[in-house]
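Below is one structure, written out as structure tokens; the observations come after it.
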Amino acid sequence: MADADSSEPEQQLNPKQKIEIAKWFLLNSPAGEIQYISKDLKTILKDDNVHNLAALEAFPQYNKSHMICLEFPDRSSDVIISSFSEVSDNEYLDPRTAQVAIVDHVKQVCTEARPASDEELPSSYIEEFRCALDAEIMKYASEAYPKGISAVYCVKGNDVEEPGSDFELVVLISAARLSPNNFCNGSWRSIWNIEFNDEDQSVEIKGKLLVGAHYFEEGNVQLDASHECKDSTLLQNPDDSALAITNIIRQQESEYLAALEASYLKLPDTTFKDLRRKLPVTRTLFPWHSTMQFSLTRDIAKELTIRK
Amino acid sequence: MEAAMGLMRRIHPKHTDTALSALLSLMPEHSSDLLSQVDQPLQVLCDEESAKEFILCEYNRDADSYRSPWTNKYQPPLEDGLYPSVELRNLEIEANDVFAVYCDQYYEGGVSSVYMWEDDNEGFVACFLIKKDGSRSGHGRRGYLHEGQWDAIHVIEVGPEDEGTARYCLTSTVMLSLTTNNDSCGTFSLSGSIRRQMSMQLSVAEGHLCNMGRMIEELEGKLRNSLDQVYFGKTREMVCTLRPPAELATMKLPDS
């Protein structure tokens, strides 16, 4: 066997190439399926070292882009893993509880928690806006998403102490539903950037909504939907701003859901029809018993075009 | 192999090509199994002599050339390539003509190709292929799709005739992707692949083509239906589980 291997050296991948391939599979795992992909890869690679190195690089990236939610060890609340909440490679901030979660990316668990330091938290002036918005968003998310987890972060102007400067908050809503036993997984991610502009006393709101679903019982079908939108409102006191922003987010997300539903409703009779009709243009099953005539008509048509 | 098929079941259908070549390089010892069990999107080539497009697959490939069903010639030209017997080639010509009409009636466009070859147990195998680009820029009559691909592969084994009947074993695969793109809904994309089988013992009185055609039409219809109703339906259900639409009704009311 060893001889057979060495006779085809060009087909042998070096460990670095194997790691790259393994990472590609891990990063392209559908929502909630990276552990399954990882397990299958381990079997295929037959090289735990390569597998571990790929996992160490791919899991953090996957966890952040999928905005997975992990429970604190004391089960008091959840932390969203994302680039907005990242304090260091394995530390993620939960502003609501002012805690930093220490996570094991590959196992996808939060192993420890520590109180956030003052530098990691926004100033009390910003915190008023953040906290008011967090409360409104949490209320909305719990109504709209049965499994939704939300968080609000300050991503710019953490140290602004009083009116007169710009700052920016980010609202995340992450909802995942995993039912591998029913061969079905899905996730909804909302990312809202909220810019508070001091000069024109306005709040610019930009949203990115990402929805995915995977159904794989005796097949493999995936939905990918994404939508970007924006809106704006006036800068007000923390409580009124929070209400106005949450209303905009609620409305935009509801409209988007309605648009998704509309896309599904249009499928059978319009969109899908452009790929393949349910019935032939003749509206009856294809006349296989009298196909001789097709060949004949084709022959005649061919003859005619040739003679022309 | 089981793990490889597990991966293929999870990885996004739009990445099938990349995933397959990655697996081939990771496990070259399983290359023939992988190539026969994983369906790849179909490719099309133009037969220069007849100026008609034909579909490429393993079944019309010999070395690096592909046989066109329209002229029975290999492209690029190939010395002593494999050809079906004269009798089978005649059936292949007829099947290509008829299937092109079938394709027209169901797909309003698209490319079709049929290939046949003798197998080891006195029967033969036929492969019916359809590739349709349903996008606005392709053959989409209604112009709803920003992107739309449908590939159908029907491989049917026909056993030897026995007392006027023959056994037909059909394996059909459909791979599709469709994307719509507009301001209110952003990008909406569904893609997937499913494969089903069907076997029948049929009288050959009306000819093989008739029997094969009816089975293909039936199974293709079933595949389309289950994609539409079951598979797309399940992803829609998932969206509604993530964010139940019941809330829509209350949302429309002003907050007063």
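The values are calculated or read from the model by the stated rules, or taken from the named source; none is laboratory data. Small disclaimer: the values here were computed from a predicted structure and weren't measured. Here the Cβ positions follow ideal geometry from the backbone for every residue, glycine too, while neighbour counts run over all protein chains shown.
Out of (1) under 22 Å from A:Pro280 (Cα atoms); (2) part of a loop (DSSP other than H, G, I, E, B), the odd one out for B:Glu122 is which?
Just one mismatch for B:Glu122, condition (1).
Which residue pairs have Cβ atoms closer than 9 Å, lie 6 or more positions apart in sequence or on different chains, and pair a first residue in region B:175-193 that is within 7 Å of chain A (Cβ to nearest Cβ) with a second residue that is in a loop (DSSP other than H, G, I, E, B) and of a type in the set (Phe, Trp, Tyr)?
Every condition considered, the pairs that remain are B:Leu178/B:Tyr144; B:Thr180/B:Tyr144; B:Gly192/A:Phe216.
Considering each residue of region B:27-50, count those that are part of a loop (DSSP other than H, G, I, E, B) and within 12 Å of another protein chain (Cβ to nearest Cβ), and give that number.
Going through region B:27-50, the residues part of a loop (DSSP other than H, G, I, E, B) turn out to be B:27, B:38-42, B:48-50.
So of that shortlist, the ones also within 12 Å of another protein chain (Cβ to nearest Cβ) come out as B:27, B:38-39, B:50.
Of the residues in that region, 4 qualify.
Hey, among B:Asp151, B:Asp183, which residue is out of contact with any Ser or Thr (no Cβ under 6 Å at 6 or more places or on another chain), under 26 Å from A:Lys266 (Cβ atoms) and buried (at least 16 other Cβ atoms within 10 Å of the Cβ)? Reasoning before the result, please.
Numbers: B:Asp183 fails: buried (at least 16 other Cβ atoms within 10 Å of the Cβ).
On inspection, the qualifying residue turns out to be B:Asp151.
Among (1) surrounded by fewer than 17 Cβ atoms within 10 Å (Cβ to Cβ); (2) part of a strand (DSSP E or B); (3) of a type in the set (A, V, I, L, M, F, W, C), where does A:Leu56 come up short?
Condition not satisfied by A:Leu56: (2).
Report, by residue number, each residue of region A:66-80 that is more than 14 Å from every other protein chain (Cβ to nearest Cβ) and touching a residue at least 24 places away in the same chain (Cβ under 8 Å).
Here is the first cut: in region A:66-80, the ones more than 14 Å from every other protein chain (Cβ to nearest Cβ) are A:68, A:70-80.
Matches in region A:66-80: A:Ile68, A:Leu70, A:Glu71, A:Phe72, A:Pro73, A:Asp74, A:Asp78, A:Val79, A:Ile80.
Tell me, which residue of region A:140-156 that is without any contact (Cβ under 8 Å) to a residue 60 or more places away in the chain and not in a strand (DSSP E or B) is farthest from the other protein chains (Cβ to nearest Cβ)?
Among them, the one singled out is A:Ser142.
Anything in region A:91-121 that is farther than 26 Å from A:His66 by Cβ and either of a type in the set (Lys, Arg) or modelled with pLDDT of 95 or more (or both)? List them, or say none.
Just the residues of region A:91-121 that are farther than 26 Å from A:His66 by Cβ, to begin with: A:115, A:117-119.
Matches in region A:91-121: A:Pro115, A:Ser117.
Would you check which residues across region A:121-133 are touching a residue at least 60 places away in the same chain (Cβ under 8 Å) and over 19 Å from A:Leu209 (Cβ atoms) and list them? Step through it out loud before you land on a result.
Keep residues of region A:121-133 that are touching a residue at least 60 places away in the same chain (Cβ under 8 Å), which gives A:128-129, A:131-133.
If the condition is that a residue be touching a residue at least 60 places away in the same chain (Cβ under 8 Å) and over 19 Å from A:Leu209 (Cβ atoms), then A:Glu128, A:Phe129, A:Cys131, A:Ala132 are the ones that fit.
Each row is one residue, and each column tells you yes or no for (1) closer than 20 Å to A:Tyr153 by Cα; (2) assigned to a helix (DSSP H, G or I); (3) among the small types (Gly, Ala, Ser).
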position: A:Trp192; (1), (2), (3): yes, no, no
position: A:Glu195; (1), (2), (3): yes, no, no
position: A:Leu210; (1), (2), (3): yes, no, no
position: A:Ala244; (1), (2), (3): yes, yes, yes
position: A:Ser254; (1), (2), (3): no, yes, yes
position: A:Leu260; (1), (2), (3): no, yes, no
position: A:Pro268; (1), (2), (3): no, yes, no
position: A:Phe272; (1), (2), (3): no, yes, no
position: A:Leu279; (1), (2), (3): no, no, no
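Which residue pairs have Cβ atoms under 7 Å apart, sit 6 or more places apart or on different chains, and have a first residue in region A:35-51 that is within 14 Å of B:Gly6 (Cα to Cα) and a second that is among the hydroxyl-bearing types (Ser, Thr, Tyr)?
Note: pairs meeting the criteria are A:Ile37/A:Ser29.
Go through the residues of region B:3-16 one by one and say whether even a single one is more than 9 Å from every other protein chain (Cβ to nearest Cβ) and either of a type in the set (D, E, K, R) or in contact with a Cys (Cβ under 9 Å, 6 or more places away or on another chain) (or both).
Within region B:3-16 (the criterion being more than 9 Å from every other protein chain (Cβ to nearest Cβ) and either of a type in the set (D, E, K, R) or in contact with a Cys (Cβ under 9 Å, 6 or more places away or on another chain) (or both)), the answer is no, since none of the residues qualifies.
Looking only at residues that are surrounded by fewer than 20 Cβ atoms within 10 Å (Cβ to Cβ) and in a strand (DSSP E or B) in region B:156-165, which one is modelled with the lowest pLDDT? Spell out how you get there, then give the answer.
So in region B:156-165, the residues surrounded by fewer than 20 Cβ atoms within 10 Å (Cβ to Cβ) come out as B:157, B:159-165.
Narrowing the set further to residues that are in a strand (DSSP E or B) leaves B:157, B:162, B:165.
Working: B:Glu157: 96, B:Asp162: 90, B:Thr165: 95.
Filtering first and then ranking leaves B:Asp162.
Tally up the residues in region B:198-243 that are closer than 27 Å to A:Asn185 by Cα, within 7 Å of chain A (Cβ to nearest Cβ) and either not in a helix (DSSP H, G or I) or not aliphatic (A, V, I, L, M) (or both), please.
9
Check region A:227-240 and report whether any residue there is touching a His at 6+ places or on another chain (Cβ under 7 Å) and either modelled with pLDDT under 95 or within 13 Å of another protein chain (Cβ to nearest Cβ) (or both). Lay out the reasoning, then the answer.
Going residue by residue through region A:227-240, those that are touching a His at 6+ places or on another chain (Cβ under 7 Å) are none.
There is no residue in region A:227-240 that is touching a His at 6+ places or on another chain (Cβ under 7 Å) and either modelled with pLDDT under 95 or within 13 Å of another protein chain (Cβ to nearest Cβ) (or both).
Tell me, yes or no, whether region B:67-83 has at least one residue that is within 30 Å of A:Pro30 (Cα to Cα) and either in contact with a strand residue (DSSP E or B) (Cβ under 7 Å, 6 or more places away or on another chain) or in the same structural domain as B:Glu206 (by TED's automatic domain parsing) (or both). Reasoning before the result, please.
Step one: of region B:67-83, the residues within 30 Å of A:Pro30 (Cα to Cα) are none.
No, every residue in region B:67-83 fails to be within 30 Å of A:Pro30 (Cα to Cα) and either in contact with a strand residue (DSSP E or B) (Cβ under 7 Å, 6 or more places away or on another chain) or in the same structural domain as B:Glu206 (by TED's automatic domain parsing) (or both).
Taking B:Leu24, is it touching a helix residue (DSSP H, G or I) at 6+ places or on another chain (Cβ under 6 Å) and more than 7 Å from chain A (Cβ to nearest Cβ)?
Working: touching a helix residue (DSSP H, G or I) at 6+ places or on another chain (Cβ under 6 Å): yes; more than 7 Å from chain A (Cβ to nearest Cβ): yes.
Against the criterion (touching a helix residue (DSSP H, G or I) at 6+ places or on another chain (Cβ under 6 Å) and more than 7 Å from chain A (Cβ to nearest Cβ)), B:Leu24 qualifies.
Given the conditions (1) assigned to a strand (DSSP E or B); (2) surrounded by fewer than 17 Cβ atoms within 10 Å (Cβ to Cβ); (3) touching a residue at least 40 places away in the same chain (Cβ under 8 Å), and given that A:Lys230 satisfies all but one, which numbered condition is not satisfied?
(3)
Somewhere in region B:79-93, is a residue in a helix (DSSP H, G or I) and in contact (Cβ under 8 Å) with a residue 60 or more places away in the chain? Walk me through it before giving the result.
Narrowing region B:79-93 to residues in a helix (DSSP H, G or I): B:86-93.
After this cut, where a residue has to be in contact (Cβ under 8 Å) with a residue 60 or more places away in the chain as well, the list is B:91.
Among the residues of region B:79-93, at least one is in a helix (DSSP H, G or I) and in contact (Cβ under 8 Å) with a residue 60 or more places away in the chain, which makes the answer yes.
Select, from A:Val155, A:Val171, the only residue that is within 21 Å of A:Gln236 (Cβ to Cβ) and in contact with a helix residue (DSSP H, G or I) (Cβ under 7 Å, 6 or more places away or on another chain). Can you show your working first?
Working: A:Val155 fails: in contact with a helix residue (DSSP H, G or I) (Cβ under 7 Å, 6 or more places away or on another chain).
Exactly one residue qualifies, and that residue is A:Val171.
If A:Ile44 satisfies all but one of (1) in a helix (DSSP H, G or I); (2) away from chain B (no Cβ under 14 Å), what's the number of the condition it fails?
Among (1) in a helix (DSSP H, G or I); (2) away from chain B (no Cβ under 14 Å), A:Ile44 violates only (2).
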